[in-house]
Amino acid sequence: MTAISIEFSGRPAAGPVVLNVALVAKDEALVDLPSALIDEAARQRFKGAIGESAWVGDSPGVFLAVIGIGDAAHASGLRRAAYYAVECARSLKVDSLQVSLSCDISDEAVAFLAQGLRLSTWSFDQYKKAKDPETSPPELREVLVVGDIARANAFARGLVLADAVCFARDLVNEHPGVCTPTWLAEQARERALSLGLEVQVFDEKELEARGFLLHLAVARGSSQPARFLHAVYRPSGPVERKVALVGKGVTFDSGGYSIKPSSSMVDMHMDMGGAAAVIGAMDAIGHAKPEGVEVHFIAPMAENLISGNAYKINEIIRGYNGTTVEIIDTDAEGRLLLADALAYAAEQGVDEIVDLATLTGACIVGLGMETAGLFSSSDRLSEALRDAAREADEAVWPLPLVERMNDKLKSRVADIKNLGPRWGGAVSAALFLKRFVGDTPWAHLDIAGPAMAESAWETLNAGGTGFGVLLLAQYLGVRAE
Ligand code: BES
Ligand code: ZN
Ligand code: ZN
């Protein structure tokens, strides 16, 4: 992994081949730079927009570059600009990248720069054979950011947030032979304890005793037992609001007896992307310790498999809050886990609940792979989450809770059934969830698309994306400034 640090003395980067980068805002005059670089930038019509860069060879083993950061007032642009600096370093095959900070760059921008550097250099490669240094091209070994000591805190804040995203990415990418409910709950528990948070993990016996019977029904087909995470962050000062975050943690979704075609089953270990976002947010909150907000991190975990013991179609199961559910489709399992978890969250006396779930393919059909669907019973909560998403550069778009569609969830034999009509599948799934939150203001993010990316794009890698961590951190008051 690339080491990323901030240096105050401007020690020369250690690698034999170094790229020195100056960050340049849009239409900023190029001054105090070698004339060869100024000429090259002019030749390429470099204007300082994000995505623009120009470089020259200086002395043997030393390259110089300018990287555009766009409008200097938009600090979050530095996250993207960081990626282009890393890209430039990679294309030149240097060992070290050194980024000089001018005093015009705000602390907030420094935090975004650190974030972008970490996100762009992270990779999930522990299952790949180690590269032979003799035959493979050199890798970017280190990134040094050179600025004065007053920048260290902002830089560290940026890294903490990016590390939380990378933690979530690692969890999503871990393959389902390793990432079982027990393993996932243990990762979360260890992290919570190391951050000094309160944490409880319910095992299958505890879940049965407490009546999480919808959750247990999904887990029944697997020899891997169900788990349920509940960690709590309490601020040191007064509590102004209490928030519960709830994440779907299906560590593998085969569909159960409503089995998926094998091509749709590929990547279904990512069906715990909601839980990963909640655990990543827990990491961010536990480090940043925001004031005034108490946060409950809740994640029901199970595998949806097939066996002689698996739950069947037409079974009627009574959930945690007493509602009976007729199972029409065992592949609509996420809403069953969430039904119990949301009812439990509402019982914690929180002011609002936000859930994240890789819930429906229908949401991907509607919004594409990049954008999460946002449903909410509260306009205020919906607006606040949209604002947070904009800051976090994570795409969300509101979808409607069409009350009339509730009729489509009526069951002849139970209070509700777990499958709506083919059309509007993301909406009926959200309406199903709404039945379990009571009066607590609630929002649901269907992250089936953005939890995993087919290909890399700027700071976003291919594979598990950690989508939701930055949005939640921003929403809970963990800010870059
Ligand atoms: N985990 C899937 C949803 C999903 C699909 C996530 C594609 C990521 C990518 C969910 O449990 C599921 O199977 N949903 C069904 C719902 C249907 C049975 C109502 C679907 O989307 O087909
Ligand atoms: Zn499913
Ligand atoms: Zn699923």
Seminar exercise, completed: When the charge dipole of the chain is computed with +1 on Lys and Arg Cβ and -1 on Asp and Glu Cβ about the Cα centre, the Cα farthest towards its positive end, among ILE279, ALA111, ALA310, belongs to ALA310
For this session: Using only the alpha carbons, work out the radius of gyration and Dmax of region 157-215 in angstrom.
Result: 14.1, 42
Exercise. What does the convex hull of the Cα atoms come to per residue for region 1-123, in Å³?
Worked result: 102 Å³
Exercise. Given charges of +1 on the Cβ of Lys and Arg and -1 on the Cβ of Asp and Glu, with all other atoms neutral, how large is the dipole of region 401-457 about its Cα centre, in debye to the nearest 20?
Worked result: 340 debye
For this session: Using amide H atoms built 1.01 Å from N in the peptide plane, name the residues 5+ places from GLY70, or on other chains, whose amide H lies under 5 Å from its own.
Result: LYS26, ALA49, ILE50
Exercise. Taking the mean number of other Cβ atoms within 10 Å as a proxy for protection, how do you rank 241-254, 353-366 from highest to lowest?
Worked result: 241-254, 353-366
For this session: May I ask for log10 I(q)/I(0) of region 244-337 at q = 0.10, 0.15, 0.16 Å⁻¹, from a Debye sum over the Cα atoms as equal point scatterers with solvent left out?
Result: -0.35, -0.68, -0.74
For this session: Quick one: plug the Kirkwood hydrodynamic radius of region 56-182 (C-alpha pairs) into Stokes-Einstein at 25 °C, 0.890 mPa s, and report D in µm²/s.
Result: 151 µm²/s
Seminar exercise, completed: Per region 283-340, sqrt(5λ) over the Cα gyration tensor eigenvalues, sorted largest first, in Å, gives 33, 14, 8
Exercise. How would you classify region 330-453 from its alpha-carbon gyration tensor, with a ≥ b ≥ c the square roots of the eigenvalues: rounded for a/c under 1.5, else prolate if a/b is greater than b/c, otherwise oblate?
Worked result: oblate
For this session: Tabulate in residue order the Karplus-calculated ³J(HN,Hα) for region 415-431, using 6.51 cos²θ - 1.76 cosθ + 1.60 with θ = phi - 60°, rounded to whole Hz; enter x for Gly and Pro.
Result: 5, 7, 10, 9, 9, x, x, 4, 7, x, x, 6, 6, 5, 4, 5, 5
For this session: Excluding residues fewer than 8 places away in the same chain, name every one of the lysines whose C-alpha is closer than 28 Å to that of LYS417.
Result: LYS205, LYS248, LYS260, LYS312, LYS408, LYS434
For this session: Provide the three semi-axes, in whole Å and in decreasing order, of the ellipsoid equivalent to region 435-474 as defined by the square roots of 5 times the Cα gyration tensor eigenvalues.
Result: 28, 12, 5
Exercise. Given charges of +1 on the Cβ of Lys and Arg and -1 on the Cβ of Asp and Glu, with all other atoms neutral, how large is the dipole of region 303-356 about its Cα centre, in debye to the nearest 20?
Worked result: 240 debye
For this session: Name the residue farthest towards the positive end of the dipole of region 14-136 from the options ALA81, SER123, ASN20, assuming +1 on Cβ of Lys and Arg, -1 on Cβ of Asp and Glu, about the Cα centre.
Result: SER123
Exercise. What percentages, rounded to whole numbers, describe P(r) for region 384-462 computed over all alpha carbon pairs with 10 Å bin width beginning at zero?
Worked result: 14, 38, 29, 15, 3, 0
Exercise. For the pair LYS408 and ASP439, how long in nm is the line joining their label points, each one 7 Å along Cα→Cβ?
Worked result: 3.0 nm
Problem set entry | Derived scalar couplings ³J(HN,Hα) [region 372-388; Karplus, 6.51 cos²θ - 1.76 cosθ + 1.60; whole Hz; x for Gly, Pro] | 8, x, 10, 10, 8, 8, 10, 4, 5, 5, 4, 4, 5, 5, 5, 4, 4
Seminar exercise, completed: Rounded to the nearest 500, the 222 nm mean residue ellipticity computed for the chain from DSSP H runs (n ≥ 4, each -39500 (n - 2.57)) alone is -10500 deg cm²/dmol
Exercise. Under a 5 Å amide H to amide H cut-off, with H placed in plane at 1.01 Å, what residues pair with THR360 once short-range neighbours are removed?
Worked result: ALA448
Problem set entry | Cβ charges +1 (Lys, Arg) and -1 (Asp, Glu), total dipole of the chain, debye | 920 debye
For this session: Place +1 on the Cβ of every Lys and Arg and -1 on the Cβ of every Asp and Glu in the chain, take the dipole about the Cα centre, and give the residue among PHE8, LEU30, VAL232 whose Cα lies farthest towards its positive end.
Result: VAL232
Problem set entry | ³J(HN,Hα), Karplus 6.51/-1.76/1.60, whole Hz, each residue of region 200-212, x for Gly, Pro | 10, 10, 7, 8, 5, 5, 4, 5, 5, 4, 8, x, 7
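Relative to 2.2 N^0.38 Å, what does the C-alpha radius of gyration of the chain come to as a ratio? Two decimals please.
Here the answer is 1.04, to two decimals.
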For this session: Report the semi-axes of the equivalent ellipsoid for region 203-261 in whole Å, largest first, where each axis is √(5λ) for an eigenvalue λ of the Cα gyration tensor.
Result: 31, 15, 9
Exercise. What are the residues whose amide H is under 5 Å from the amide H of TRP442, where those residues sit 5 or more places off or on another chain and H is modelled from the backbone?
Worked result: ILE353, SER377, SER378
Seminar exercise, completed: Length-normalised contact order of region 247-307, Cα under 8 Å, at least 6 apart, in percent, tallies to 55 percent
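Every read-out reported here was derived from the displayed coordinates using simple, explicitly stated rules and does not represent laboratory data. Everything numeric in this text was worked out from a predicted model, so none of it was measured. We place every Cβ from the backbone using ideal geometry, glycine too, and count neighbours over all the protein chains shown.
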